[in-house]
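Visitor: Please read through the structure below; I'll follow up with questions.
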Amino acid sequence: MTEMNQPAQSVARLTRALVQPAQIMAAVTEFGGPKANEESQPSTRPNSSGGASNTSTKRQFRSESIGRVVSVDTSRARSNLEVVSLCAEKLGFVEYPEGRRDGRPCDIYWHNIIYSDMKDVVFHPGSRVNKFPGMNELAKKIPLTRAISSMQRLFPDQYDFYPRSWFIPAQLDKFNADYKSIMTVKAERGDDEPTWFIVKPDEGAQGTGIYLIHSPDQLQKLNHAQLIQEYIAEPFLLSDNLKFDFRVYGVIKSLNPLSIHVAREGMARFCTETYRRPSLSNQDQVFVHLTNYSLNKSHGGYIHSNTLEEQLKGSKRLLSTVFHQMEGHGIRTKRIWHNIKLIVVKTVLAMVPEMMLNYEHHFAHVPQGPQCFQILGFDILLTKDLRPILLEVNASPSLTIGHTLPPTVLENQVAKLDSDSQSISTSSAPDLSTEPEKVHSVVDEVIKVPLVRDAMLLVMGQLDSAYNGLSTRTGSESALNRLASGKSLDDSMGPLTKKKAHLREVFPARYGQNCWQLLFLDKAVYLYMQFVNTKKTILISSNGFRTFVRKCNLFDVISPADLDKKFVSVEQNFLGGRNIDDGIPFHGFLDMLFFIAQRKYPDSNDLIEAVQSLMKYCQTMLRHFGVRSARLRREEVLETHGDENQVPEIYLLPCRVAGGKWRMSAGTQRQKVGNSSTKQRSRSAKSSALVKKHFGTNGVTLPKIT
Ligand code: ADP
């Protein structure tokens, strides 16, 4: 049995289990916190002066780790407010919808987007904020592609889950050249079928501005930043022949130590018109090719689901429902889910270096930053041969649990559900003339309420105890939890089993062993940060790069003239001719590093070996020069399995080690690090000595937040 609700066991019962919003509320209510800490407390709704008012009595969540009620600032939650307030209220957290007015920090800050002034709002090292600085930019199509391409160059076999991509304007020539060779190879095989590409604006979302092409001369707006991607023309389809993709939710709990979780339940989003391979006649038909809910909801064929039973044929389904439907066709989904989780881990590992860099940049002015965490949405398409392919990462996936649908959709769905036909293909045109109607989405609720609830418990270090406490405390399960754990309503009279959290750690637990060698570029970003003034910028200037080459004594491998030439070409590739002379981003630096590594170590077996040798060499040289070498320190990621020598490590600056150390006294999770081995204990001690030396802090004290 996998961590996923194995559909074979759960979804057959969905037809009997109609979970209504009231049941969902009941499921949330059950998570009132650990038994030992239950008690009646005043209402959690603050009054207008920012303090909590005493209007009703309910259970409050007294965090084991901090010994008091958890406070949540939702003043910037906006579109997330409904679900966050619901979870906070049911967990008994104290919510501050307008922020605290007494100047004290909250435990959790929930923002709907990444605000540029985050550091001014969330500054306390004991606070947690649900966004990483810079993540919006990192998750955009072109930066994500750059991050994955660097990993593809180093680990080609591990990063084959992302479609071949080019970005214009910078790579227009390359695209033209690659297109020619693709066509030549096809012609040699006697294949005269066109090859299709999908073009997406870098800044685009919800399918806007996307179009299909089969030749470079169909490209539009050549000077706009766009991503061209190989089009997956043969997606896996169920018997309704509608294209669909999965939205899988990952949660980065913390960067130090790196901890990644995946939600057991996700969403499948279906197109509204029957899929056909792209052709000149259908290439513009968005309802055939794009699965975005925001587009398809306006189509007459969109099926909204009021109940979990209805979602079996709905345009939005639970991921577990679709897995069950696939199992019905004899497909084994366990392997697919395993591969999807690996994609989540590998994608986050590709983003880690720039997350570190952005964190350093954003919180450069405070000695200890807050703990950032983030829910990410991963869009994944299955190919005909069941290979999961990553399409994009969404830094702010929708957490809304209601819909605004055109009334025609609501009328149409009744007729559709009455029909025996498996296909919901329709040629009806979208009707945008009528007023949209606000409805509840049971699918969204079943996915997003547990996601947000568990994310909050997770960052407060209370996830395990909340679930373990639940099974012994409540004595009964809600329908939702039975569905989530793969049991039917009929099983409710049977003996209780331990509940499973909706979030499950996939790194370092579970996939740490598979992926630890991929946590590699943190060392490169660490080198990079030695030559960038992170207080001001995240780009390395040509002067900064020259200093790096000089201090590492690499001018015998690359002459100053060659260096300048290469730097300009990297700049051109990254900035696409835009006249910005501030420098190149981290992946440009890597490009330079790869180039130098291949020259210095020409006999290496592969790029990774050459780069590893170069980095080792550079570290030695820098230590020799004393270039802020005292700052070269590392903090170990939680050791979870077996061989201690294979524990992945992440490089961090001392001030961030201080952040980790602070959390060590505040959270149960971090204590594990200190307790896991003598080696780690002594490193922690060294780190804190270092912090003292550099920042003059007197060890770590637990601040009073409320
Ligand atoms: P947006 O951010 O605008 O939603 P996406 O990259 O998610 O952009 O693309 C929108 C939709 O287009 C996806 O949900 C998927 O249905 C389709 N799509 C995107 N990339 C590909 C691809 N490479 N092959 C096939 N379909 C794709």
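The values are calculated or read from the model by the stated rules, or taken from the named source; none is laboratory data. Everything numeric here is computed off the predicted structure, so don't read it as measured data. Don't worry about glycine lacking a Cβ; one is built from the backbone with ideal geometry, like all the others, and counts go over all protein chains shown. With ligands, DNA and RNA removed, areas are computed over all heavy atoms of the protein, side chains included. Shrake-Rupley method; radii C 1.70, N 1.55, O 1.52, S 1.80 Å.
Visitor: Among K523/K551; K566/K600; K243/K297; K316/K438; K535/K565, which pairs are too far apart, with a Cα-Cα distance over 24 Å?
Guide: K535/K565
Visitor: Here's a follow-up. Quantify, in whole percent, the carbon and sulfur part of the accessible surface of the range 60-152 (1.4 Å probe; protein heavy atoms only).
Guide: 46 percent
Visitor: Kindly identify the range 235-303 as rounded, prolate or oblate by the Cα gyration tensor criterion: order the square roots of the eigenvalues as a ≥ b ≥ c, call it rounded if a/c is under 1.5, otherwise compare a/b with b/c, prolate if a/b is larger, else oblate.
Guide: prolate
Visitor: Return the long-range amide H neighbours of V70 (sequence gap of 5 or more, or a different chain), with a cut-off of under 5 Å between placed amide H atoms.
Guide: F61, S63, V94
Visitor: State the percentage of accessible surface on the range 201-297 attributable to carbon and sulfur atoms; use a 1.4 Å probe and exclude ligands, DNA and RNA.
Guide: Looking at the range 201-297 in its full context, I get 50 percent from C and S.
Visitor: Here's a follow-up. Stretch N223-N468 to full length: gain in nm at 0.36 nm per residue minus the Cα-Cα span?
Guide: Here the segment from N223 to N468 would lengthen by 82.6 nm.
Visitor: Per residue, how much accessible surface does the range 198-239 expose to a 1.4 Å probe? Answer in Å², no decimals.
Guide: That works out to 46 Å² for each residue.
Visitor: Between R153 and R68, what is the label-point separation in nm under the 7 Å Cα-to-beta-carbon projection?
Guide: 5.0 nm
Visitor: Between N514 and D385, what length comes free when the chain is fully extended (0.36 nm per residue of separation minus the Cα-Cα distance, one decimal in nm)?
Guide: Taking 0.36 nm per residue and subtracting the Cα distance, the gain is 44.1 nm.
Visitor: Residues with amide H under 5 Å of N394's amide H, sequence separation 5 or more or different chain, H placed in the peptide plane at 1.01 Å from N; which?
Guide: Amide H neighbours of N394: G377, F378, D379.
Visitor: Between T195 and N553, what length in nm is gained on full extension when 0.36 nm per residue of separation is reduced by their alpha carbon distance?
Guide: Fully extending the segment from T195 to N553 adds 124.2 nm.
Visitor: Let me ask you something else. May I ask you to rank F123, F287 by accessible area, largest first, using a 1.4 Å probe over the protein chains only?
Guide: F123, F287
Visitor: Now for a different question. With r defined as the distance between the Cβ atoms of K536 and K566 and R0 fixed at 22 Å, what FRET efficiency is calculated, to the nearest 0.05?
Guide: Between K536 and K566 the formula returns 0.35.
Visitor: Just the number, please: carbon plus sulfur as a percent of the accessible area of the range 352-404, 1.4 Å probe, no ligands or DNA/RNA counted.
Guide: Carbon and sulfur: 52 percent of the exposed surface of the range 352-404.
Visitor: As an exercise, use a Förster radius of 56 Å and the Cβ-Cβ distance of M621 and N176 to find the FRET efficiency, rounded to the nearest 0.05.
Guide: Computed FRET efficiency for M621 and N176: 0.85.
Visitor: Name the residues of the range 278-298 whose amide N is less than 18 Å from a point 7 angstrom out from the Cα of T400 along the C-beta direction?
Guide: Inside the label zone: 291-298.
Visitor: Over the heavy atoms of K438, what accessible area does a 1.4 Å probe trace out, to the nearest 10 Å²?
Guide: Number for this one is 150 Å².
Visitor: Would you give the gap between the C-alpha center of the range 254-322 and the C-alpha center of the range 591-621, rounded to a whole Å?
Guide: Distance between centres, Cα-based: 44 Å.
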